[in-house]
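Worksheet for the structure shown next.
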Amino acid sequence: MARMPTLKPNGRLGLVLHPRSDPTSVVEKLTSWARSHGKRVIVDARDAARLPDDVEPVSAAQLVDQADALISLGGDGTMLGALRLVAERPVPVLGVNLGNRGFLVEIEPHELDAALDRLDTGDYTIEEHSAAVLTDGSNESIAFNDIALASVPGEGAVQASLTMSGRTSGRYHCDALVIATPIGSTAYSYAAGGPVVSPMLDAVVISPVAPIAGISRAAVVSADEPIALALLEGSGQPALQVDGTIMRRMQPGEAFQVRLRPRAGLVVRVDPERYQRRSEIKLSLLDLPFLPEEMRDLLPGAGPVALTLDT
């Protein structure tokens, strides 16, 4: 395993919390480790009321500027938020799974002490992730999973023209349109029939959802080809979403641009091979037409770990 930079002797670990999960037991474990290793734990002051007094509240800007690494406590959504938070100043992000599926997060709460030891000594690897940068007028947004145009029921389908590197490249007429990063290729884009793309590839996947006319298959586009999408006259007024968050409603005639920013996110991996095996199993279980309790009937004696991978 490659040796990475160690934490500073008085380094700061920034916390990013799931908005609803109770982080108490994990935070107590983290702060105990930090005290014994001469580190400080900081958090956005808006989350401080949920945490012990030995976690230092700071402003959102200070959290971004001062953290030597981020610890994400939650599921994949929390991890994506942590990556977006430091996309302009990438620092290592360690994901601790308090969620269910956890494609991005690697560490379970009982593994936290050992993972922090590895982070402290530089005994880990970094998995670099690209981000999709959305330019919408004068506004810029970052997506680590996907950007989507989703039709609103009763208001008409998405009708949009595609431009790549300044060249007109076709049109879409569909229920939704998903532009996914490589790590986002296993999310909304995958559900729409798009391919799974290696996170090592600098590319985006454009997947139409329930296409009616025009381009009907997913396309993989190089990071060197900027993309623009413009709503055609007659289109509905779809919701523009970034990593699942609605930014605004779009109108016919409006357009936005997307480009890929390589190495915008730095994800800590302490056991990349184990993580990869687990992710492959989780992804394969998504295609099984069974509920967890039905799998218990099909796989007598299967342990709880095997049966929670698809929840």
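Give me the strands (runs of 3 or more DSSP E) completely within the stretch 34-135, filtered to those with at least 2 residues that are touching a residue at least 40 places away in the same chain (Cβ under 8 Å), ordered by residue number.
By residue number, 69-74, 92-97.
Closer than 26 Å to Gly137 by Cα and not assigned by TED's automatic domain parsing to the domain that holds Ile126: which single residue out of Ser207, Ser198 fits that description?
From the options Ser207, Ser198, the qualifying one is Ser207.
Hey, can you tell me all the residues within the stretch 154-189 that are polar (S, T, N, Q), in contact with a Pro (Cβ under 9 Å, 6 or more places away or on another chain) and not in a helix (DSSP H, G or I)?
Scanning the stretch 154-189 gives Gln159, Thr163, Ser165, Thr181.
Kindly indicate which of Glu88, Glu56, Glu28 is surrounded by fewer than 19 Cβ atoms within 10 Å (Cβ to Cβ) and either among the aliphatic types (A, V, I, L, M) or in contact with a helix residue (DSSP H, G or I) (Cβ under 8 Å, 6 or more places away or on another chain) (or both).
After ruling out the rest, the residue left standing is Glu88.
From the residues in the stretch 91-114 that are surrounded by fewer than 22 Cβ atoms within 10 Å (Cβ to Cβ) and of a type in the set (A, V, I, L, M), which one is farthest from Gln66 (Cα to Cα)?
Ranking the candidates gives Ala114 first.
Across the stretch 184-195, what is the number of residues that are hydrophobic (A, V, I, L, M, F, W, C) and either touching a Leu at 6+ places or on another chain (Cβ under 7 Å) or not assigned by TED's automatic domain parsing to the domain that holds Ser151 (or both)?
So the count comes out to 0.
Return yes or no: is Ala180 under 24 Å from Ala87 (Cα atoms), crowded, with 20+ Cβ neighbours inside 10 Å and under 20 Å from the mean Cα position of the chain (by Cα)?
Judged against the criteria, Ala180 is a match.
Do we find a residue being over 20 Å from Gly184 (Cβ atoms) and hydroxyl-bearing (Ser, Thr, Tyr) anywhere in the stretch 77-95?
Within the stretch 77-95, none of the residues are over 20 Å from Gly184 (Cβ atoms) and hydroxyl-bearing (Ser, Thr, Tyr).
Quick check on my filter: what residues within the stretch 190-229 are outside any strand (DSSP E or B) and under 17 Å from Leu134 (Cα atoms)? Talk me through it step by step, then tell me what you get.
Going residue by residue through the stretch 190-229, those that are outside any strand (DSSP E or B) are 190-202, 210-212, 215-218, 223-226.
Asp202, Ala223, Asp224, Glu225, Pro226 - these are the residues of the stretch 190-229 that are outside any strand (DSSP E or B) and under 17 Å from Leu134 (Cα atoms).
Would it be correct to say that Arg274 is modelled with pLDDT of 95 or more, within 26 Å of Gly77 (Cα to Cα) and surrounded by fewer than 16 Cβ atoms within 10 Å (Cβ to Cβ)? Before the answer, list the steps.
Numbers: modelled with pLDDT of 95 or more: no; within 26 Å of Gly77 (Cα to Cα): yes; surrounded by fewer than 16 Cβ atoms within 10 Å (Cβ to Cβ): yes.
So Arg274 does not fit the description; no.
From the list Ala49, Ala45, Ala82, which one is under 19 Å from Gly11 (Cα atoms), surrounded by fewer than 19 Cβ atoms within 10 Å (Cβ to Cβ) and in the same structural domain as Arg20 (by TED's automatic domain parsing)?
Numbers: Ala49 fails: under 19 Å from Gly11 (Cα atoms); Ala82 fails: surrounded by fewer than 19 Cβ atoms within 10 Å (Cβ to Cβ).
From the options Ala49, Ala45, Ala82, the qualifying one is Ala45.
Report, by residue number, each residue of the stretch 5-25 that is crowded, with 17+ Cβ neighbours inside 10 Å and over 22 Å from the mean Cα position of the chain (by Cα).
Narrowing the stretch 5-25 to residues crowded, with 17+ Cβ neighbours inside 10 Å: 7, 11-18, 23.
Within the stretch 5-25, Leu7, Gly11, Arg12 meet the criteria.
I need a count of the residues in the stretch 136-157 that are hydroxyl-bearing (Ser, Thr, Tyr) and in contact (Cβ under 8 Å) with a residue 40 or more places away in the chain.
Selection size over the stretch 136-157: 2.
The values are calculated or read from the model by the stated rules, or taken from the named source; none is laboratory data. Just so it is clear, the structure is predicted and the values come from calculations on it, not from any experiment. All Cβ positions, even for glycine, are placed from backbone atoms using ideal geometry, and neighbour counts span all protein chains on display.
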